[in-house]
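Here is the structure we will look at.
No lab work stands behind these numbers, since they all come straight from the coordinates. The structure displayed is predicted, hence computed values, not measured ones. Methodologically, a virtual Cβ is constructed for each residue, glycine included, from the backbone with ideal geometry; neighbour enumeration extends over all protein chains shown.
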Amino acid sequence: MTGFFCFLGGLGLGILYIALLWGVVIRLPKIQHKGAWLMISAFVRLALVFMGLVILAQKDIGRFTWAFAGFLLVRFVAIRYEKKKIQALLKGING
């Protein structure tokens, strides 16, 4: 049962990561120092995910594996979902 809760925690971390990334991307046109903003937000997002994985794992590689699997699942689903939109956008730009 512990692996299931770690998996759910990993899903939550993945959703948090994608939501924070999306929030940064949405605000980019209004930001003056885009590179600095992206760099700082990347460090913050990675630190939050790393801390969350460490807390979920509690020095157990099995728990870490379940949590990381949940995180990766959210990442793959988000990429697959957005890939179609990006391809359509690029098709419209390139004619």
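Here are some notes:
- Taking every residue in the range 65-80 that is closer than 12 Å to ILE15 by Cα and pairing it with any residue that is among the aromatic types (Phe, Trp, Tyr) and surrounded by 14 or more Cβ atoms within 10 Å (Cβ to Cβ), at least 6 positions away or on another chain, the pairs with Cβ-Cβ distances below 7 Å are GLY70/PHE7.
- Any hit, the range 21-39, residues being out of contact with any Cys (no Cβ under 7 Å at 6 or more places or on another chain), touching a residue at least 40 places away in the same chain (Cβ under 8 Å) and part of a helix (DSSP H, G or I): no
- Some residue of the range 85-94 being under 16 Å from the mean Cα position of the chain (by Cα) and in a helix (DSSP H, G or I): no
Residue-by-condition table, conditions (1) buried (at least 16 other Cβ atoms within 10 Å of the Cβ); (2) under 16 Å from the mean Cα position of the chain (by Cα); (3) of a type in the set (Ser, Thr, Tyr):
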| site | (1), (2), (3) |
| --- | --- |
| ILE31 | no, no, no |
| LEU53 | yes, yes, no |
| THR65 | no, no, yes |
| PHE68 | yes, yes, no |
